[in-house]
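Engineer: Please read through the structure below; I'll follow up with questions.
The values are calculated or read from the model by the stated rules, or taken from the named source; none is laboratory data. Please read all numbers here as calculations on a predicted model, not as lab measurements. Heads up, the Cβs are rebuilt from the backbone with ideal geometry, glycines too, and the neighbour counts pull from every protein chain shown.
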Amino acid sequence: MTNEELIYQITRAVYHRLGGGANAELVENLVTDVYKLVRSEGTAGQLSAEGAPSRRDRIVISAFGVNRPGIVAVISATLADARYSIIDMNQTVVQGKFAMVLIAEASQAASDLAALKAHLKEAGERAGVRIYAQREDLFQAMHRV
C-alpha cells in the first residue's frame, strides 16, 4: 500500500467515525497523528520510486482574500525565511478577489509544518488574506474522500 493509499484509508475511517460534518482541521490533525504513528513503525517509505522527495515533504498552500499589493511577496518571504522552496504556483485575481495555490518543498526546511502554519497565519493577517497549508499527501488523500 502506498503512502497516499494509507492516508486515504485513514482519512475515510476518521470521517466515517466523526461524520460528514467533521471539522476539516480536526480531521487533518487526527490523520496526521495516526499516520505518524504508522510511519514510525516502518510501514511507509521515505522516497518515491524515482528517489525524489515524497509527497509528505511537500505542502499545498492556498491563500484567498481581497487583492492588494504585496500578497505574493509576503507569502514567498515567509516560505524563504523557513527555507521552503516553491516548486509550483498559480495565482489569479478575479473582480478584485485574490486566489493562489502553491506547492512548496520542505526538504531543506528550517522549521516544521506546525511552525510554518503559524508563520503563514501571521503573514496572512498582515497581508489581509487567509492562508491554509497542508501536507500534499494529506491534501490529496482527503480530497479523494
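Engineer: Tell me, which residue of segment 108-120 that is surrounded by 15 or more Cβ atoms within 10 Å (Cβ to Cβ) and within 13 Å of the chain's Cα centre (by Cα) is modelled with the lowest pLDDT?
Structural biologist: Looking only at segment 108-120, we keep the residues that are surrounded by 15 or more Cβ atoms within 10 Å (Cβ to Cβ), and these are 109, 111, 113, 116-117, 119-120.
In the following step, the residues that additionally are within 13 Å of the chain's Cα centre (by Cα) were identified as 113, 116-117, 120.
On the way: 113: 80, 116: 88, 117: 90, 120: 94.
The extreme case among them is 113.
Engineer: Find the residue count for segment 125-135, including only residues that are buried (at least 21 other Cβ atoms within 10 Å of the Cβ) and in a helix (DSSP H, G or I). Even if it seems obvious, please write down each step before you answer.
Structural biologist: Taking segment 125-135 first, the residues buried (at least 21 other Cβ atoms within 10 Å of the Cβ) are 127, 129, 131, 133, 135.
In the following step, the residues that additionally are in a helix (DSSP H, G or I) were identified as 127.
Counting residues in segment 125-135 that are buried (at least 21 other Cβ atoms within 10 Å of the Cβ) and in a helix (DSSP H, G or I) gives 1.
Engineer: Answer yes or no as to whether residue 66 is hydrophobic (A, V, I, L, M, F, W, C), at pLDDT below 90 and surrounded by 11 or more Cβ atoms within 10 Å (Cβ to Cβ).
Structural biologist: Values: hydrophobic (A, V, I, L, M, F, W, C): yes; at pLDDT below 90: no; surrounded by 11 or more Cβ atoms within 10 Å (Cβ to Cβ): yes.
Criteria not met by residue 66.
Engineer: Checking residue 105 against (1) over 23 Å from residue 24 (Cβ atoms); (2) out of contact with any Pro (no Cβ under 7 Å at 6 or more places or on another chain); (3) surrounded by 12 or more Cβ atoms within 10 Å (Cβ to Cβ), only one condition comes out false. Which one?
Structural biologist: (2)
Engineer: Can you name the residue in segment 69-102 that is of a type in the set (Gly, Ala, Ser) and out of contact with any Asp or Glu (no Cβ under 6 Å at 6 or more places or on another chain) and is also surrounded by the fewest Cβ atoms within 10 Å (Cβ to Cβ) among such residues?
Structural biologist: Taking segment 69-102 and keeping what is of a type in the set (Gly, Ala, Ser), we get 70, 73, 76-77, 80, 82, 85, 96, 99.
So of that shortlist, the ones also out of contact with any Asp or Glu (no Cβ under 6 Å at 6 or more places or on another chain) come out as 70, 73, 76-77, 80, 82, 96, 99.
Working: 70: 11, 73: 11, 76: 16, 77: 12, 80: 12, 82: 19, 96: 8, 99: 15.
Per the criteria, the residue is 96.
Engineer: Would a scan of segment 10-28 turn up a residue that is surrounded by 15 or more Cβ atoms within 10 Å (Cβ to Cβ), among the acidic types (Asp, Glu) and modelled with pLDDT of 75 or more?
Structural biologist: yes
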